[in-house]
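Remarks on the structure that follows.
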Amino acid sequence: MENGVQITEATAAHLPQLVDMFEAYRQFYGQKPDRLGATQFLTARIRHKDSTIFVAMYNGVLVGFAQMYPLFSSTRLGRLFLLNDVYVSPDFRGKTVGRQLIDHCKAHARETDAVGILLEADKVNTQGNKLYQRAGLELDTDHNYYFWKK
């Protein structure tokens, strides 16, 4: 626990605050508000345990979260995680909350014998990109990433 912030794995009890923060995150990335959809999505992730969500709490208030999805790598012969979502409340940015969340993700990867963590960040997200490098994630400039959109 740093600066009074406690990181823990999300449970159903965190959902009311987590949905609010998740909606802020989605809107940051240009998505339209959908509180019902966000509630259903996060409830399913927690219930089915098909992602790991860490929440950062300060005096009982959720101030950030990170969500990882399990993947497998054929070439690395092991499990890895996609660190898909990292979000910190604007009032808590620059106060090590993001770093603490990423450190918990890294610890979880070690504890589960994962071979690594994969993260994709927009190039224009300069604050996030600086955070990821400070947290020990290395920028991979050797690969092209492609996306198919339905």
- Message: Please state the shape class of the stretch 5-56: rounded when a/c is under 1.5, otherwise prolate if a/b exceeds b/c and oblate if not, all from the C-alpha gyration tensor.
- Response: oblate
- Fewest to most neighbouring Cβ within 10 Å: what's the order for Val97, Val5? Val5, Val97
- How big is the stretch 37-119 by Rg and Dmax over its Cα atoms, in Å? 13.6, 44
- May I ask you to compute the full-extension gain from Asn59 to Lys150, defined as 0.36 nm times their residue separation minus their alpha-carbon distance, rounded to one decimal in nm? 28.6 nm
- Query: Can you give the helix-only mean residue ellipticity at 222 nm for the chain, where every DSSP H stretch with n ≥ 4 adds -39500 (n - 2.57) and the sum goes over all residues, rounded to the nearest 500 deg cm²/dmol?
  - Reply: -11000 deg cm²/dmol
- Note on the structure: With a 27 Å threshold on alpha-carbon distance, the violating pairs from Lys95/Lys123; Lys49/Lys95; Lys123/Lys149; Lys49/Lys106; Lys49/Lys130; Lys95/Lys149 are Lys49/Lys95; Lys49/Lys130; Lys95/Lys149
- His143 and Asp113 label points (each 7 Å along its Cα→Cβ direction) are spaced in nm at 2.2 nm
- Most exposed first, judged by fewest Cβ atoms within 10 angstrom, Phe22, Phe41, Phe28 run Phe28, Phe41, Phe22
- Message: List the residues, sorted by chain then number, that are 5 or more residues from Phe81 or on another chain and whose placed amide H is less than 5 Å from its amide H.
- Response: Leu71, Gly116, Ile117, Leu118
- Taking a cut-off of 21 Å between Cα atoms, list the lysines near Lys150, but don't count ones fewer than 8 places away on the same chain. Lys32
- Message: Modelling each spin label as a point 7 Å along the Cα-to-Cβ direction, I'd like the Asp91/Gln133 distance in nm, to one decimal.
- Response: 3.1 nm
- Equivalent-ellipsoid semi-axes of the chain, from the Cα gyration tensor, Å, largest first: 23, 18, 17
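No value in this document is a laboratory result; all are computed from the given coordinates. Remember, predicted model here, so these are calculated numbers, not experimental data. A quick note on method: Cβ atoms are made from the backbone with ideal geometry, for glycine too, and the neighbour counts reach across all protein chains shown.
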